[in-house]
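Peer 1: Below you will find the structure I want to go over with you.
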Amino acid sequence: MKALDAARGEERSTNRRIGVLFVCAGNICRSPLAEGVFSALAAKAGLRDRIVVDSAGTHGSQVRRSPDPRVLCAARRRGYVLPSRVARQIVTADFARYDWILAMDQHNLAMLETLRPTTFRGHLGLLLALSDESNVLEVPDPYYGGTREFENVLALVEQGAAALLEAIRLHLAIEAKTT
């Protein structure tokens with residue numbers, strides 16, 4: 001199981017909160033959507049106090065912009081409320097703040113790998129790589145699409161967020177057994 005393998009690879013202290021950062025290009029569509037969906041799942045699982053969730057973009061072109069209204073509508077239709085936020089660009093310090101850094105696609109993952117400090121011991125990868133549900137590994141950018149593309153992205157993000165939550169639960173269970 002991909003989630004179990006990822007959870008076993010994590011080595012973090014039990015005294016601190018687990019940090020999760022979702023990353024796409026502009027931080028106005030996919031990553032804030034993943035932030036909102038995953039935050040809702042973590043809260044429902046009773047892990048709100050154990051997990052810190054954020055999102056960022058690899059490019060600075062959208063910095064300080066609010067999430068795309070189409071992503072807000074797609075989320076609202078499925079019962080998610082995205083956090084009130086503006087786009088930001090990832091910084092090297094994020095690698096010290098977050099245990100799980102998850103890119104939406106290969107292009108953004110490659111950009112993150114160039115920023116990755118040698119001291120980073122967390123999980124850096126694709127969100128959908130944690131899921132066993134399909135062979136899809138990338139969450140496509142819906143920016144130039146319509147309602148259907150945003151709904152598809154939301155379904156993929158839900159799938160990836162559920163797999164991530166399972167990986168973190170396994171990590172916490174392993175952590176609890178070793179302390």
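Read-outs throughout are calculated quantities, based only on the coordinates presented, and are distinct from any laboratory measurement. If you're wondering where the values come from, they're calculated on a predicted model, not measured in any experiment. Because the Cβ atoms are built from the backbone with ideal geometry, glycine has one as well, and the counts that use them run over all protein chains shown.
Peer 1: Just to confirm a number: summing +1 for Lys and Arg and -1 for Asp and Glu over residues other than PRO67 whose beta-carbon lies under 11 angstrom from that of PRO67, what do you get? Could you put the intermediate results ahead of the total?
Peer 2: On the way: positive: ARG30, ARG65, ARG70, ARG85; negative: GLU35, ASP68.
That sum, taken over residues with Cβ under 11 Å, equals +2.
Peer 1: On to the next question. What is the sum of charges around PRO140, taking Lys and Arg as +1, Asp and Glu as -1, for the other residues whose C-beta is under 9 Å from the C-beta of PRO140?
Peer 2: Numbers: positive: ARG30; negative: ASP105, GLU138, ASP141, GLU149.
The answer is -3.
Peer 1: With r as the distance between the Cβ atoms of THR179 and ALA43 and R0 = 25 Å, compute the FRET efficiency 1/(1 + (r/R0)^6) and round to 0.05.
Peer 2: Details: r = 24 Å, r/R0 = 0.98.
The calculated FRET efficiency here is 0.55.
Peer 1: Sorted from fewest to most neighbouring beta carbons within 10 Å, what does the list HIS107, HIS123 look like? Each step should come with its number before you reach the end.
Peer 2: Details: HIS107 14, HIS123 21.
The order, fewest Cβ neighbours first, is HIS107, HIS123.
Peer 1: Right, next: According to the square roots a ≥ b ≥ c of the eigenvalues of the Cα gyration tensor, what is the shape class of the range 85-179, taking rounded for a/c under 1.5, prolate for a/b larger than b/c otherwise, and oblate for the remainder?
Peer 2: Details: a/c = 2.15, a/b = 1.28, b/c = 1.68.
Here the range 85-179 falls in the oblate category.
Peer 1: Can you put LYS44, LYS177 in order of Cβ neighbours within 10 angstrom, beginning with the fewest?
Peer 2: Numbers: LYS44 10, LYS177 7.
Least to most surrounded, the residues fall as LYS177, LYS44.
Peer 1: Can you sort SER55, SER134, SER39 by how many other beta carbons sit within 10 Å, fewest first? The partial results should precede the final answer.
Peer 2: Details: SER55 28, SER134 9, SER39 21.
The most exposed by this proxy come first: SER134, SER39, SER55.
Peer 1: Count the net charge of all other residues whose Cβ sits under 14 Å from the Cβ of ALA34, scoring Lys and Arg as +1 and Asp and Glu as -1. Write down the numbers at each step before the final one.
Peer 2: Numbers: positive: ARG30, ARG78, ARG85; negative: GLU35, ASP54, ASP68, ASP105, GLU138, ASP141, GLU158.
In short, -4.
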